[in-house]
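Participant: Provided herewith is a single structure, encoded as structure tokens, for subsequent inquiry.
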Amino acid sequence: MSLDAARSVAPLGGPGQTGPGRRFASLLLWILCLAAAAAFLGLAALPVGRDASAAISVAIVVVAFVLGRFSERLWHARTMTVLLLAFITLRYFFWRLDGTIPPADDLMNFIPGVILFLAELMTFSLFFLSLFVILDPIVRKPMPPVGEPSEWPTVDVFIPSYNEEPELLETTLAAAIALDYPRDRFKVHLLDDGGTDQKVNQANPEGAAAARERRRVLSELCQRLGCNYVARDRNTHAKAGNVNYTFQRTDGELVLILDADHVPTVDFLRCTVGFFQADPGLFLVQTPHFFVNPDPVEYNLRTFEKMPSENEMFYYSIQPGLDRWNASFFCGSAAVLRRTALEEVGGIAGDTITEDCETALELHARGWRSAYLPRPLIAGLQPETFSTFIAQRSRWAQGMMQLFILKNPLLKRGLTVPQRLCYTSTMMYWFFWFWRPVFMLAPLCYAFFGLEIFRVNLYDFTCFVLPHIFSAIFLAHLLHGRTRWPLFSELYEYVMSLHISLAAVSTIISPRKPTFKVTAKGEQVDRTRFSELALPFLVVALLLGGGLALCIWRYIHYPEHRDAIAPVAVWNLLSFLLAASGLAVVYERKRVRRQERVAMNRPGELTLEDGTVIPVVIVDVSAGGLGLRVESRWRERVAEAVKPLVSMEDPIDGQPLATRVKLLRIEAKGGDLLVGAGFAPADRDEVLTVSRLVFGNSAGWDAWIGRKRSNAPNLMFGFIYFFSRIVPRATVAIFAMIGYGLRALFRRPAEDER
């Protein structure tokens, strides 16, 4: 079968491209869809009186709420609910066009009014694009390789690195070497851009010495573990150039790419390689980025153990929806790619700093297909300080701006219509830096200056705005309720937007200017403090607090305008609460743990130096060690142990696993002993054992994610949960802010006197 013929088959599900009959059926379907959409728009645009419109909205909301109760069991109920709620949003949009925008001859009101409407228009567009993307997702299962193991595809495992610590790299390399795949069918390569010839021979003697030492340490590490160390000549084209350098010097049929801190489970290749055997036209199998540590928002609000992480909506709701339309894309790591496909486009693309999405866009345009497997097969690390979190998201935003400008999917030849819509939806999301501050600050136009940029009275607010807000919230809960809880999307967008906006605007002005910057990992917050990026959040909170006070003052002193003041006051209050939540995020709590622990309940044994075997239960594990529960009668024997051996059954194949540990602490709890132990592997085999123990079983990560999702509240309790997390921490942040201000006020005169 030729490559072109292989690409014309879609055995993995999703739309294929087969023959004139299929193309005609597809064209007919699109004509019917467009006709239905036109009818839908026509109904939404029909002029209806206020009372009738209010009655229609209430009726639709009630019907949608009832249908929504059956959405998980009946696909048609889910579709009907989505359409009904989308209808309310359309009604709101046409109402906004009819008399709510200030007239053009009143420039003071017209200009900010148009900016607000433009922000709403962008969110409307994204709203309907997103509905198209996620309405009917594909949920794939792992596909093990078939046939004789000696004939399975060969794989090169690439681990690009720049400035990561050797200890972190050792963990990732050891797990990669321990992959459950025939030993002669894969090779592991460390791609070190911190030890290149350019770095080693740089003019700065201290920098050159550090690069030489790094190259020596990592070369010895690779030799000890049995993998290949690669350092290229020059640091050109950042991560894309690093990967392409080694890509041109290897020959594996498939390439597995892992970030330096993305530790793979042993079944990674066994879960993904079968997809490539089943579909010769497949260029990519992407898997989720799963993280074992909280990001700054989760840590400072203490939501990590209870609530799904921020990226889960993308990896478990949006990517499966993209997969339906053959538009799931490469996310830079935790993915397997086909060599022949990459060779067709010259390797990993490098025109933008989001080289991963750019590569997928080029290959999709050439007719290649992708698949998305929603199974966590790596465990990674998130940025731990707010500043590094913002630096990472700024890079993503800049890259998507670059792609949208330089390789706009709406104009890209070779893409299908659904692929164009899917890529546009993904890129449009990263314009939140524009609309989120506009929505937040718009009520201040009235509160401070009396401007009426949104002409609405209390009755219209009740008839049109409230149903629209409710339908948007209910729809988000219906589609993403298990992966994103109420108001947390708005919170993440807000805390990112104030700083990302500068990077995004500079990219729009000079789209080729941004350069790739590595996200720092492992940085620590050594004391509770405001982030160095906190100032804009303090200013916004003060402005909105002042605006709320002015709204109350206007409401008391101008009773004849209360119908106009009340909606603005409610809007201002919601903005202030979101701003207060931003203060809670940027008031960073001290990080106590170096590595995050994952709870488990696995039986094992502790073997002392004299051969005594003590039964234990492993209660938690991290990359650095584990926690053991031991019967209290063994206290003296455990306290005397130096480097005992911990052993248990392999979670994959049931074979015994054993490694030496160093006992760090012993404490009594509930009649038993809790023993904290750090890993102390004696040789290469024990290093591999640690990786297999901690990162061995993807089913364990899947279950851990599932436990957090099982806590998902209903819509009302979701709001209660949000404010229960926010109010106490925002209060602490506000008092801390006042304390910092008073301290600065009273300290300055003393400094002047000196």
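The values are calculated or read from the model by the stated rules, or taken from the named source; none is laboratory data. All figures in this text were calculated on a predicted structure; none of them were measured in a lab. Ideal geometry is used to build each Cβ from the backbone, glycine not excepted, and the neighbour counts take in all protein chains shown. SASA here: full protein model, heavy atoms, side chains in, ligands and nucleic acids out. Shrake-Rupley method; radii C 1.70, N 1.55, O 1.52, S 1.80 Å.
Participant: Looking at G350 and the list (1) part of a loop (DSSP other than H, G, I, E, B); (2) at pLDDT 90 or above; (3) small (G, A, S), which single condition is not satisfied?
Facilitator: Among (1) part of a loop (DSSP other than H, G, I, E, B); (2) at pLDDT 90 or above; (3) small (G, A, S), the lone unmet condition for G350 is (2).
Participant: Can I ask one more? Cβ-Cβ under 9 Å, sequence separation 6+ or interchain: first residue in region 705-727 and farther than 20 Å from V297 by Cα, partner at pLDDT 80 or above and part of a helix (DSSP H, G or I). Which pairs?
Facilitator: That search, which allows pairs on different chains as well, returns N714/H477; L715/I473; L715/F474; L715/H477.
Participant: What residue, of V675, V630, V617, is without any contact (Cβ under 8 Å) to a residue 40 or more places away in the chain and in a strand (DSSP E or B)? Steps first, answer last, please.
Facilitator: Details: V675 fails: without any contact (Cβ under 8 Å) to a residue 40 or more places away in the chain; V630 fails: without any contact (Cβ under 8 Å) to a residue 40 or more places away in the chain.
The conditions single out V617.
Condition check ((1) at pLDDT 85 or above; (2) aliphatic (A, V, I, L, M); (3) open to solvent by less than 20 Å² (accessible area, probe 1.4 Å); (4) in a helix (DSSP H, G or I)) across all residues:
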residue: T462; (1), (2), (3), (4): no, no, no, yes
residue: A472; (1), (2), (3), (4): yes, yes, no, yes
residue: H477; (1), (2), (3), (4): no, no, no, yes
residue: Y492; (1), (2), (3), (4): yes, no, yes, yes
residue: S497; (1), (2), (3), (4): yes, no, yes, yes
residue: I500; (1), (2), (3), (4): yes, yes, yes, yes
residue: V518; (1), (2), (3), (4): no, yes, no, no
residue: K521; (1), (2), (3), (4): no, no, no, no
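Participant: Additional query: Out of the helices (runs of 4 or more DSSP H) lying entirely within region 260-327, which hold 1 or more residues that are of a type in the set (K, R) and surrounded by fewer than 23 Cβ atoms within 10 Å (Cβ to Cβ)?
Facilitator: Working: elements: 268-278, 296-301, 319-324.
It comes to 268-278, 319-324.
Participant: Same structure again: Conditions: (1) touching a residue at least 12 places away in the same chain (Cβ under 8 Å); (2) within 19 Å of F276 (Cα to Cα); (3) surrounded by fewer than 24 Cβ atoms within 10 Å (Cβ to Cβ); (4) of a type outside the set (K, R). G350 meets all but one. Number of the miss?
Facilitator: (2)
Participant: Please go through region 671-689 and pick out each residue that is under 27 Å from E636 (Cα atoms), modelled with pLDDT under 80 and either loosely packed, with under 13 Cβ neighbours inside 10 Å or in contact with a Lys or Arg (Cβ under 6 Å, 6 or more places away or on another chain) (or both).
Facilitator: Within region 671-689, the subset under 27 Å from E636 (Cα atoms) is 671-682, 686.
Filter once more, keeping what is modelled with pLDDT under 80: 671, 682, 686.
Passing the criteria: G671, A682.
Here is a yes/no grid of residues against (1) polar (S, T, N, Q); (2) in contact with a Leu (Cβ under 8 Å, 6 or more places away or on another chain); (3) closer than 17 Å to D702 by Cβ:
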residue	(1), (2), (3)
Q248	yes, no, no
L256	no, yes, no
H262	no, no, yes
Q277	yes, no, no
F291	no, yes, yes
V297	no, yes, no
F304	no, no, no
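Participant: I've got another one for you. Given the structure, is T483 among the hydroxyl-bearing types (S, T, Y) and either buried (at least 18 other Cβ atoms within 10 Å of the Cβ) or on the phi > 0 side of the Ramachandran plot (or both)?
Facilitator: Details: among the hydroxyl-bearing types (S, T, Y): yes; either buried (at least 18 other Cβ atoms within 10 Å of the Cβ) or on the phi > 0 side of the Ramachandran plot (or both): yes.
When the stated conditions are applied, T483 passes them.
Participant: Also, I was wondering about something else. Evaluate region 465-486: report whether one residue or more is without any contact (Cβ under 8 Å) to a residue 24 or more places away in the chain, within 26 Å of F93 (Cβ to Cβ) and touching a helix residue (DSSP H, G or I) at 6+ places or on another chain (Cβ under 6 Å).
Facilitator: Kept after step one, since they are without any contact (Cβ under 8 Å) to a residue 24 or more places away in the chain, are these residues of region 465-486: 466, 469, 476.
From what's left, within 26 Å of F93 (Cβ to Cβ): 466, 469, 476.
This time we only want the ones that are touching a helix residue (DSSP H, G or I) at 6+ places or on another chain (Cβ under 6 Å), so: none.
Scanning region 465-486 turns up no residue that is without any contact (Cβ under 8 Å) to a residue 24 or more places away in the chain, within 26 Å of F93 (Cβ to Cβ) and touching a helix residue (DSSP H, G or I) at 6+ places or on another chain (Cβ under 6 Å).
Participant: Of all residues in region 372-416, how many are closer than 20 Å to V263 by Cα and open to solvent by 40 Å² or more (accessible area, probe 1.4 Å)?
Facilitator: Count: 2.
Each row is one residue, and each column tells you yes or no for (1) open to solvent by less than 60 Å² (accessible area, probe 1.4 Å); (2) in a helix (DSSP H, G or I).
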position: L169; (1), (2): yes, yes
position: T172; (1), (2): yes, yes
position: Y181; (1), (2): yes, no
position: L190; (1), (2): yes, no
position: G195; (1), (2): yes, no
position: Q202; (1), (2): no, no
position: A209; (1), (2): yes, yes
position: R212; (1), (2): no, yes
position: R216; (1), (2): no, yes
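Participant: Going residue by residue through region 217-229, is there one that turns out to be in contact with an Asp or Glu (Cβ under 8 Å, 6 or more places away or on another chain), modelled with pLDDT of 95 or more and within 21 Å of R339 (Cα to Cα)?
Facilitator: yes
Participant: In region 504-515, what residues are surrounded by fewer than 19 Cβ atoms within 10 Å (Cβ to Cβ) and either at pLDDT below 90 or of a type in the set (S, T, Y) (or both)? Before the answer, list the steps.
Facilitator: Residues of region 504-515 surrounded by fewer than 19 Cβ atoms within 10 Å (Cβ to Cβ): 505-506, 508-513, 515.
Correct list: S506, S510, P511, R512, K513, T515.
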